[in-house]
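Report on the structure given below.
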Amino acid sequence: MAKTIIVSNRLPVKIQKVNNELVYQPSEGGLATGLGSIYKEGDNVWIGWPGLYVDNKSTKEKINDELKKNNMRPVFLTEEEIRDYYEGFSNETLWPTFHYFNNYAIHEQSLWEAYVTVNQKFCKEIIRIAEPGDTIWIHDYQLLILPQLVRYKLPESSIGFFLHIPFPSYEVFRLLPWRKELLNGLLGADLIGFHTYDDMRHFLSSVNRIVSLSHTNGQVEVENRRVLVDAFPMGIDYEKYHETAGSAETIKKEVRYRTSIGETKLIVSIDRLDYSKGIPNRLLAFEEFFKKYPNWKGKVSLLMVLVPSRDKVERYKELKEEIDELVGRINGQFGRLNWTPVHYFYRSFPLNSLSAFYRMADVGLVTPMRDGMNLVAKEYIASKLDKTGVLVLSEMAGASKELLDSILINPNDVDQMVEALNTALTMPKAEQKRRIETMQSSLRKYNIHHWVKVFMDRLHYIKERQMLLSTQLLDAEITEEISERYASAKRRLIFADYDGTLSPYTDDPTAAGPDKELLQVLKTLSQDEKNKIIIISSRDRNTLKCWLGHLNIDMVAEHGVWLKEAGEDFQLIDKVENRWKYEIRPILEDYVGRTPGSFLEEKDYSLVWHYRRVETGLGELRMRELTSHMKYLAPNMNLQVLDGECIVEVKSLEVNKGKAAGRWLEKYGDADFIMSFGDDWTDEDTFRVMPEHALTIKVGSAPSIAEYRTHSYKEVRKLLRTLSQTNRLVNNHHKE
Ligand code: GDG
């Protein structure tokens, strides 16, 4: 049976050596809880580093066997790998960059190489156990290139990736020397998830600018595979936090803590010690708070838990010293014999203690400079059984997008934090209750189990979409069938669009003329008297004539306004009303004026605004503006607005490619082989008029009514070449 393979840097277990014995403790993290329901089932498995350095074989085997019983597989790391991949590239290059502390980031090739090596190690372990049909879910910034490594080895596999930390804006991400490799690595996944919409759009913009792939509704075409990018705000195990807060053990602890602290009001903050968590700013605000509101002295304390983390990294040591100093300064300045302003703990606590802190706290203070989500904010709300308490939350945390009933602050604004503390401490109970209730009902619904389900559903969705698209692919078998039909036909009609179908798109549309290969294949095909080749393009007639006029082929220019049979001149299809141009031209000219790099092209029966050379992003913005502007005007003026490859074209509804193609279908009603190629949605009009026995072939992956699909113009050429040779082979055969 197909299984799910979870992959993360750390396994959901803590292994420690106590008196030379290995002690296994399940990890309490939200991710472990959320995915627990998955990896513990059947053959499912979790792959990760067990979190400690193991130097001998027999211990490795022991760990291996023990973990196997609990559906886990270890990836062991050498001491150098722990230093360079984990502490180095992951925590000293990626972590600071992704949290906008890019001036803290180190850029060292040797660390990058270790990162690649360890990702390969993870890949090997996946390959060892993955079977066709399995789902692989990779987590977080330590494994950014793993999706692509797995994709190379298992091209058909179903791979999801979730990033737990923020994805920075393009301007920051681009600073990384390995930016391309990192993006391509991620794009090996089928689904890429982020906590927030902002992270997702930062990622898509980097993909667009760095690896030149655009997206439609969060879907990116990567080498003929559709990748879905989406936001999945991670939830917590709501019931667990809610129930723990009501447990006898927690209440017992609360009573004990309260007895030693006394009846002061309490503000609680809980974080891993990290510069991204905004701890010094929080302390500065707390200091300012007593200066601005001295009447709170003696009446409120801050209970600050900092969980030791990455203490081998210099930055973290420095931060620890800075915090120690600030706490000392505040306590020294304001403290009294019977009152401590900051209760500071540099260690971790069991869940019950944490829960007691949440219960006791009048204010939850969460002030990161950047945070992917921040689960502490959510846990604080879930633990408030009596529904009193106020959350003060940084708008730089992903959680701020959901917890709108908290007091949102900018962690760089000390004055604002001071005011927020005062507002929180004086907020009427009824108001507190209203806010907590609203947030609780949302957290209850969007919990960790919901998060896992939605992610998995989306992964299955995109896999199904990919399959749907790939079933129609023009493969070797279908090509052979087409060749046979072609060979036995008496009269053949071949309709083909030009740009994007027979030729690639270029930066300069005037430079997209046919190359030797294309001219040769068209020439060979058109020399066969059974063939009629018709190029149906939106190009102007003079360009088409200049590029292809010397061949024995028919042509349709400007979407069907002009028709030409081989050897003759272009004829106007019908008299078409053109007065609309007076009204529309000034609007398009206005867009040209506002958009450097864009230009207006005037065709006989249409106007085209080009933005191929406009700054990336600006062009798309103006295009959306212009199309919505035009789509509002168009229906009343009997016009059609087409948004194609870096163009917006406005034309009369009376002309279209299908109407033009109809002329040939009528004239050559006896044709027993009809084939039509096209890549954009104007070609759908051609497909639509084709008789049932015709072969319709879409180039690219956009939705289409065509029967078959190819990835690019190259395959169209290949097919045409095959047909032109079929032709020759058959003729030779007859001659023999
Ligand atoms: C990363 C992203 C994102 C803390 N102290 C103790 C303890 N904790 C638990 C908390 C909470 C967890 O650790 C911390 O989670 P956060 O979300 O606050 O932060 P990161 O560790 O940086 O996590 C973050 C997260 O991934 C998930 O995607 O939200 O943005 O940076 O659950 O309760 N638990 C116990 N004792 C402690 O002393 N038992």
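The values are calculated or read from the model by the stated rules, or taken from the named source; none is laboratory data. The structure presented is a predicted model; accordingly, all values stated were derived computationally and were not measured. Note that we place each Cβ from the backbone using ideal geometry, even for glycine, and neighbour counts take in every protein chain shown.
Which condition number does Lys433 fail, the rest of (1) at pLDDT 95 or above; (2) under 16 Å from Ala377 (Cα atoms) being met? All conditions pass for Lys433, except number (2). Within region 401-411, at least one residue is within 27 Å of the chain's Cα centre (by Cα) and acidic (Asp, Glu).
Is it fair to say Glu379 is surrounded by fewer than 19 Cβ atoms within 10 Å (Cβ to Cβ) and at pLDDT 95 or above? No. Summed over region 220-250, residues that are away from the ligand (no atom under 16 Å from the Cβ) and touching a residue at least 12 places away in the same chain (Cβ under 8 Å) total 10. I'd like to check something: does region 414-421 contain any residue that is in contact with a strand residue (DSSP E or B) (Cβ under 6 Å, 6 or more places away or on another chain) and within 25 Å of Ile136 (Cα to Cα)? The answer is no; no qualifying residue exists.
A count restricted to region 491-533 and to residues that are more than 19 Å from Val648 (Cα to Cα) and acidic (Asp, Glu) stands at 4. Evaluated against (1) outside any helix (DSSP H, G or I); (2) over 23 Å from Ile136 (Cα atoms), Val7 falls short on exactly one condition, (2). Against the criterion of being under 12 Å from the mean Cα position of the chain (by Cα), away from the ligand (no atom under 16 Å from the Cβ) and surrounded by 16 or more Cβ atoms within 10 Å (Cβ to Cβ), Ser214 does not qualify. Just checking, does region 270-284 include any residue being outside the structural domain of Pro177 (by TED's automatic domain parsing) and free of Cβ contacts under 8 Å to residues at least 40 places away in the same chain? Checked against the condition, which is being outside the structural domain of Pro177 (by TED's automatic domain parsing) and free of Cβ contacts under 8 Å to residues at least 40 places away in the same chain, region 270-284 yields at least one hit. Scanning region 348-377 for residues that are assigned to a helix (DSSP H, G or I) and more than 8 Å from the ligand (Cβ to nearest atom) yields Asn352, Ser355, Ala356, Phe357, Tyr358, Arg359, Met360.
The helices (runs of 4 or more DSSP H) found entirely in region 178-262 that carry 1 or more residues being more than 30 Å from Arg359 (Cβ to Cβ) and either at pLDDT below 95 or not assigned by TED's automatic domain parsing to the domain that holds Glu645 (or both) are 179-186, 197-210. For region 337-347, the criterion of being assigned by TED's automatic domain parsing to the domain that holds Leu273, surrounded by fewer than 16 Cβ atoms within 10 Å (Cβ to Cβ), within 14 Å of the ligand (Cβ to nearest atom) and assigned to a loop (DSSP other than H, G, I, E, B) is satisfied by at least one residue.
All of (1) within 16 Å of the ligand (Cβ to nearest atom); (2) in the same structural domain as Asn295 (by TED's automatic domain parsing) hold for Val390 with one exception: (1). Of all the residues that make up region 531-576, how many are small (Gly, Ala, Ser), assigned to a loop (DSSP other than H, G, I, E, B) and free of Cβ contacts under 8 Å to residues at least 60 places away in the same chain? Total meeting the criteria: 4.
The C-beta contact set for region 356-372 (first residue under 18 Å from Gln432 (Cα atoms), second residue among the polar types (S, T, N, Q) and within 13 Å of the ligand (Cβ to nearest atom), distance under 7 angstrom, 6+ apart or interchain) comprises Tyr358/Ser383; Arg359/Thr250; Arg359/Ser383; Leu365/Ser269; Val366/Ser269; Val366/Asn374; Val366/Ser394. Can you say whether Lys429 is of a type outside the set (Val, Ile, Thr) and without any contact (Cβ under 8 Å) to a residue 24 or more places away in the chain, as far as the supplied structure shows? No, not satisfied. Within region 266-307, the set of residues being hydroxyl-bearing (Ser, Thr, Tyr) and either away from the ligand (no atom under 13 Å from the Cβ) or in a helix (DSSP H, G or I) (or both) comprises Tyr275, Ser276, Tyr293, Ser301. Per the conditions (1) within 31 Å of the chain's Cα centre (by Cα); (2) part of a helix (DSSP H, G or I); (3) within 9 Å of the ligand (Cβ to nearest atom), the sole criterion not satisfied by Tyr380 is (3).
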